[in-house]
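**Q** Below you will find the structure I want to go over with you.
The values are calculated or read from the model by the stated rules, or taken from the named source; none is laboratory data. Worth saying up front: this structure is predicted, and the values here are computed from it rather than measured. Note: ideal-geometry Cβ built from the backbone for every residue, glycine included; neighbour counts use all protein chains shown.
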Amino acid sequence: MRYFSKIGNTKKIAEAIAEGAGVPAVSLTDEPLLTERAGVLFLGGAPYANIMAPVLRTYAERLSSEQMGNVTNGEEFFRQARPI
Ligand SMILES: Cc1cc2nc3c(=O)[nH]c(=O)nc-3n(C[C@H](O)[C@H](O)[C@H](O)COP(=O)(O)O)c2cc1C
């Protein structure tokens, strides 16, 4: 579970998902690049002024297909998680 949260809402949800999945919730401010392989990567974030936070965009753009199976979008937290 990786997330970017400016004012704390995504952080709370990321921590709940991480607890359920039995994995750590790591903020992109602490780990700016994914350093391990993930079967499923939960990637959490929110829109600010109608755009994705630059730190989240940069992180997503740097992910490689070798590092992960599926990525789930943070906006899908509230619905059923599905691969994008
Ligand atoms: C400066 C700012 C700009 C925002 N702009 C948008 C927006 O354009 N569209 C939207 O749906 N929500 C917008 N929001 C609402 C945030 O996406 C929402 O509060 C979200 O839960 C914040 O996540 P965070 O607590 O993890 O930072 C904005 C919030 C802030 C503080």
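**Q** Taking interchain pairs and intrachain pairs at least six residues apart, which have beta carbon atoms under 8 angstrom, with the first residue in region 49-72 and surrounded by 15 or more Cβ atoms within 10 Å (Cβ to Cβ) and the second acidic (Asp, Glu)?
**A** 67/36
**Q** Now a separate question. Taking residue 75, is it modelled with pLDDT under 85 and not aliphatic (A, V, I, L, M)? Full working, then the answer.
**A** Values: modelled with pLDDT under 85: yes; not aliphatic (A, V, I, L, M): yes.
Taking the combined requirement at face value, the residue satisfies it.
**Q** Would you point out the residue of region 24-48, among those that are of a type in the set (Val, Ile, Thr) and in contact with a Phe, Trp or Tyr (Cβ under 8 Å, 6 or more places away or on another chain), that is surrounded by the most Cβ atoms within 10 Å (Cβ to Cβ)? Working first, answer last.
**A** Start the filter on region 24-48 by keeping residues that are of a type in the set (Val, Ile, Thr), which leaves 26, 29, 35, 40.
Those left that are additionally in contact with a Phe, Trp or Tyr (Cβ under 8 Å, 6 or more places away or on another chain): 26, 29.
Working: 26: 15, 29: 11.
My answer is 26.
**Q** Hey, another quick one. Checking residue 3 against (1) under 17 Å from residue 62 (Cα atoms); (2) surrounded by fewer than 16 Cβ atoms within 10 Å (Cβ to Cβ); (3) touching a strand residue (DSSP E or B) at 6+ places or on another chain (Cβ under 9 Å); (4) at pLDDT 95 or above, which single condition isn't satisfied?
**A** For residue 3, the failing item is (2).
**Q** Please tell me if residue 15 is part of a helix (DSSP H, G or I) and within 14 Å of the ligand (Cβ to nearest atom). Don't jump to the end; show me each part of the working.
**A** Values: part of a helix (DSSP H, G or I): yes; within 14 Å of the ligand (Cβ to nearest atom): yes.
Yes.
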